[in-house]
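The block underneath contains the structure these notes are about, expressed in structure tokens.
The values are calculated or read from the model by the stated rules, or taken from the named source; none is laboratory data. As the structure is a computational prediction, the values presented were derived from the model and not from experiment. A quick note on method: Cβ atoms are made from the backbone with ideal geometry, for glycine too, and the neighbour counts reach across all protein chains shown.
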Amino acid sequence: MSARPKISIIGAGNIGATAAHWAASKELGDVVLVDIAEGMPQGKALDLFQAAPIEGFDAKLTGSNGYEETAGSDVIIITAGLPRKPGMSRDDLLATNAKIVGDCASKAAAQSPNAIIIVISNPLDAMCTVAMRASGFPKERVVGMAGILDTARYRAFIAEALNVSVEDIQALVLGGHGDAMVPLPSYTSISGIPVTHFMSQEKLDAIVDRTRKGGGEIVALLKSGSAFYAPSAAGIQMAEAILKDKQRILPCACYLEGEYGLEGIFVGVPCLLGRKGVEKVIELKLSEKELAELHESAAGVKELVDKL
Ligand code: TXD
């Protein structure tokens, strides 16, 4: 029995398999890939394991069409579900993915009652509610991946525009994972210097707009499927923060009970992420406009949750 942490990834498609790749290459622990497609998770796990001697990582990689091998997981990452097709909104995936995510969450939770669930499937914020209900886990042990991806897109566009290192750009994007997400220019800096020192408001507004539509831009280009390199990297950054108890402050979809004046839904906010999961939700001072945008974004999430 390995003493390494165990990460179980439910859904071994584009995001799940790429997440396994990032996790293994970072030696975060043993990885189990689960999917309904016969043989597919087993084949991908075996192939990834055969990269280990080349890349020099030590990790046990298992593929399964069931949940027994996931028993005792520290982190469960749910990526199972349908991705968007061109012209589809994330919301169009609600009914189908709610069934899939609910089934996966309950089966995985039964095998790993102390795990922390990271949800990736769309529509993300509503799927977090599905996973919390189906798993019966407390709010701190269910967290959604969207803000890190949206913030990464925003940071990447700024780095490209200014020709500066991505490492020096700090930023926050709040709200639901949809076109109403809330990038926060007032919390965007480059090595602590406000971004408006480097670029005009007009240029920044254009980057905010492109960030909001970042997922759709890739869906339109790929024609079949949606983004997976950055979403999976974001999910694994969360898993790393949890497994190494890094106490990172990251924008994640967290269950709110009054913070930001929001109640009973998951929405993207800054949180303290460590071994216990969401250890604290951080309430920022927002301008009236920023708070109104956050509430507008949250209203879209609530509409979906009410349809569940
Ligand atoms: O920021 C974010 N959170 C989003 C999330 C970023 C990009 C895409 N995001 C969503 O993740 C996307 O809209 C989908 O809802 C999920 C997964 O996207 P992915 O690109 O990985 O989709 P794939 O390649 O179709 O993989 C989905 C896998 C596929 O292999 C199915 O066989 C499997 O899910 N699947 C299941 N696995 C286990 N159990 C069940 N029931 C099941 N149903 C489907």
Residue hits (the range 130-146; part of a loop (DSSP other than H, G, I, E, B) and within 17 Å of LYS99 (Cα to Cα)) are GLY136
Selected residue [more than 11 Å from the ligand (Cβ to nearest atom), of a type in the set (D, E, K, R), in the same structural domain as GLU38 (by TED's automatic domain parsing) and surrounded by fewer than 24 Cβ atoms within 10 Å (Cβ to Cβ)] from GLU140, GLU167: GLU140
In the range 37-91, which residue that is surrounded by fewer than 16 Cβ atoms within 10 Å (Cβ to Cβ), more than 14 Å from the ligand (Cβ to nearest atom) and of a type in the set (A, V, I, L, M) is nearest to the chain's Cα centre (by Cα)? ALA71
Assess whether ILE158 counts as being outside any loop (DSSP other than H, G, I, E, B), closer than 21 Å to GLY268 by Cα and more than 16 Å from the ligand (Cβ to nearest atom). yes
Residue under evaluation GLY225, criteria (1) at pLDDT 95 or above; (2) at positive phi; (3) within 16 Å of the ligand (Cβ to nearest atom), criterion not met: (1)
Can you spot a residue in the range 229-249 that is more than 9 Å from the ligand (Cβ to nearest atom), assigned to a strand (DSSP E or B), at pLDDT 95 or above and assigned by TED's automatic domain parsing to the domain that holds ALA161? yes
Can you pull out the residues in the range 1-28 that are within 13 Å of the ligand (Cβ to nearest atom) and among the polar types (S, T, N, Q)? SER8, ASN14, THR18
Does the range 177-199 contain any residue that is closer than 30 Å to GLN111 by Cα, in the same structural domain as LEU272 (by TED's automatic domain parsing) and within 16 Å of the ligand (Cβ to nearest atom)? yes
Contacts under 7 angstrom Cβ, first residue in the range 183-202 being over 16 Å from ALA159 (Cβ atoms), partner loosely packed, with under 15 Cβ neighbours inside 10 Å and modelled with pLDDT under 95, 6 or more apart: SER186/SER287
Could you give me the residue pairs with C-beta distances under 7 Å whose first residue belongs to the range 105-127 and is in the same structural domain as GLY277 (by TED's automatic domain parsing), whose second residue is assigned to a helix (DSSP H, G or I) and not polar (S, T, N, Q) wherever it lies, and which are 6+ apart or on separate chains? none
Since ILE116 meets every condition but one in (1) within 19 Å of ALA19 (Cβ to Cβ); (2) within 9 Å of the ligand (Cβ to nearest atom), which condition does it not meet? (2)
Restricting to the range 28-77, name every residue that is assigned to a loop (DSSP other than H, G, I, E, B) and farther than 20 Å from ALA3 by Cβ. ASP35, ILE36, ALA37, GLU38, GLY39, GLN50, ALA51, ASN65, GLY66, TYR67
Can you tell me which of ARG155, ARG212 is modelled with pLDDT of 95 or more and under 23 Å from GLU293 (Cβ atoms)? ARG155
Apart from one, (1) in contact with a Lys or Arg (Cβ under 6 Å, 6 or more places away or on another chain); (2) surrounded by 24 or more Cβ atoms within 10 Å (Cβ to Cβ) all hold for LEU174; the odd one out is (1)
Selection within the range 1-57 - of a type in the set (Val, Ile, Thr) and under 26 Å from PRO113 (Cα atoms): ILE7, ILE9, ILE10, ILE15, THR18, VAL31, VAL32, VAL34, ILE36
